[in-house]
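Below is one structure, written out as structure tokens; comments come after it.
The values are calculated or read from the model by the stated rules, or taken from the named source; none is laboratory data. All of these numbers come straight from a predicted model, not from anything done at the bench. Virtual Cβ from ideal backbone geometry, glycine too; neighbours counted across all protein chains shown. Areas reflect the complete protein model, heavy atoms only, side chains present, ligands, DNA and RNA absent. Shrake-Rupley method; radii C 1.70, N 1.55, O 1.52, S 1.80 Å.
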Amino acid sequence: MRFKLFILTHISVTADTYIHKESQIAKMACSTHKHYHDDEFDPKLFLETYFTCENIPENMSFPMGILHELFCSGKVKGDTLLDVSLAAVIYQLISASNQFKKIYKVEFTDPNITHFKEWLEKKEGATDWSFALQKACEFEGNRDKWQEKEEQLRKTIAGVIKWDNFENIFVNPQLLPEVDCVLCLWQLTVVSKTKEEFQRNLKKFTCCLKPGGQLILFSAVNMTYYVVGKHKFFILSVDRDFIRQTVIKTGFAIEKEHYVSRNINTDLIDYEGMLCIMARKQCECPI
């Protein structure tokens with residue numbers, strides 16, 4: 001089953017002036033860097049740059065450890081999960097395939113969808129994720145069963161959904177059912193150019209989540225760029241308090257939070273830390 005979904009004053013007080021200036025600064029930064037879904041983005045080069053078998057990076061080990069604990073312990077459970085994660089990555093879904101019967105993946109560009117499907121359909125040129133699968137199986141106590149785990153994950157992928165119109169409400173209930181969990185890994189700050197867009201996109205990403213359903217949100221903190229090849233790409237810089245307050249305003253109750261400071265030295269990326277928030281949907285928040 002495969003889906004393609006087209007989703008398409010006057011400043012008089014100091015606080016408003018600050019917000020206006022902050023928005024202008026974000027737009028200026030966005031104009032000097034390339035953007036994930038507006039410019040040429042090489043999905044395979046991105047994966048080769050940031051995810052290798054030689055040394056699993058902290059931006060991969062941090063979420064994998066948390067997700068293993070959440071999914072394998074049964075703290076997060078259900079039948080259907082929606083994954084809204086950066087690029088053609090699969091590592092965040094390995095442990096999820098133990099718990100959920102169906103996983104739908106959202107992507108925003110054709111090249112990333114194509115590269116994800118190359119792995120899904122075992123095509124030549126697909127990224128080799130064996131090192132990530134081995135690590136996930138190591139968490140479970142049997143590293144040698146990674147090939148079985150890979151096939152389990154492939155069978156769990158129920159649909160790959162394209163969202164390429166940022167103006168309309170995201171979910172068409174005829175194409176995507178309500179889900180029990182939304183997993184968003186690094187994507188919100190990548191596709192959102194302003195804080196207002198961050199807030200709107202979080203609402204859109206989670207509008208198909210059932211009442212009482214769970215959100216697992218991973219976000220870089222105070223990050224402004226990442227490098228792919230010769231190009232710098234834009235990231236919306238947000239702090240921990242803004243992320244936390246946005247989750248609450250969107251109608252969620254935060255149940256758990258994890259934060260780690262950056263522990264690597266590289267010019268490829270400039271985040272201050274990584275934040276994970278697990279929250280439960282309390283009410284509908286109009287878009």
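Considering every residue within region 101-108, establish whether at least one is open to solvent by 20 Å² or more (accessible area, probe 1.4 Å), at pLDDT 95 or above and part of a loop (DSSP other than H, G, I, E, B).
Checked region 101-108: at least one residue is open to solvent by 20 Å² or more (accessible area, probe 1.4 Å), at pLDDT 95 or above and part of a loop (DSSP other than H, G, I, E, B).
Any idea which residue in region 220-236 is nearest to residue 63 (Cα to Cα), counting only those that are open to solvent by 50 Å² or more (accessible area, probe 1.4 Å) and out of contact with any Asp or Glu (no Cβ under 7 Å at 6 or more places or on another chain)?
Step by step, filter region 220-236, then rank; the result is 232.
What residue, among those in region 180-223 that are touching a strand residue (DSSP E or B) at 6+ places or on another chain (Cβ under 8 Å) and of a type in the set (S, T, N, Q), is nearest to residue 274 (Cα to Cα)?
Among those that are touching a strand residue (DSSP E or B) at 6+ places or on another chain (Cβ under 8 Å) and of a type in the set (S, T, N, Q), it is 219.
At least 1 residues that are aromatic (Phe, Trp, Tyr) and under 24 Å from residue 47 (Cβ atoms) in each: list the helices (runs of 4 or more DSSP H) lying fully within region 172-287 that qualify.
195-206
Here is a yes/no grid of residues against (1) within 22 Å of residue 212 (Cβ to Cβ); (2) touching a His at 6+ places or on another chain (Cβ under 8 Å):
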{"site": "64", "(1), (2)": "no, no"}
{"site": "74", "(1), (2)": "yes, no"}
{"site": "81", "(1), (2)": "yes, no"}
{"site": "85", "(1), (2)": "no, no"}
{"site": "91", "(1), (2)": "no, no"}
{"site": "95", "(1), (2)": "yes, yes"}
{"site": "99", "(1), (2)": "yes, no"}
{"site": "110", "(1), (2)": "no, no"}
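Among 23, 73, which is over 27 Å from residue 92 (Cβ atoms) and at pLDDT below 90?
It is 23.
List, please: which pairs have Cβ atoms under 6 Å, are six or more places apart or on different chains, and start with a residue in region 174-191 that is more than 27 Å from residue 221 (Cβ to Cβ) and modelled with pLDDT under 95 and end with one that is assigned to a strand (DSSP E or B) and not aromatic (Phe, Trp, Tyr)?
178/210
Only one residue in 135, 75 is assigned to a helix (DSSP H, G or I) and open to solvent by 10 Å² or more (accessible area, probe 1.4 Å), so which one is that?
135
Could you give every pair whose Cβ atoms fall below 6 Å, whose first residue belongs to region 242-271 and is on the phi > 0 side of the Ramachandran plot, and whose second residue is in a loop (DSSP other than H, G, I, E, B), counting only separations of at least 6 or pairs across chains?
Filtered contacts from region 242-271: 251/282; 251/283; 251/285.
Which ones in region 254-271 are surrounded by 12 or more Cβ atoms within 10 Å (Cβ to Cβ) and hydrophobic (A, V, I, L, M, F, W, C)?
Across region 254-271, the qualifying residues are 254, 260, 268, 269.
Output the residue which, of all residues in region 114-132 that are in a helix (DSSP H, G or I) and among the polar types (S, T, N, Q), is surrounded by the fewest Cβ atoms within 10 Å (Cβ to Cβ).
Selected residue: 130.
Mind listing whichever residues of region 138-165 are assigned to a helix (DSSP H, G or I) and closer than 17 Å to residue 119 by Cβ?
Scanning region 138-165 gives 146, 147, 148, 149, 150, 151, 152, 153, 154, 155, 156.
Answer with yes or no whether residue 87 is over 24 Å from residue 263 (Cβ atoms) and open to solvent by less than 10 Å² (accessible area, probe 1.4 Å).
So residue 87 does not fit the description; no.
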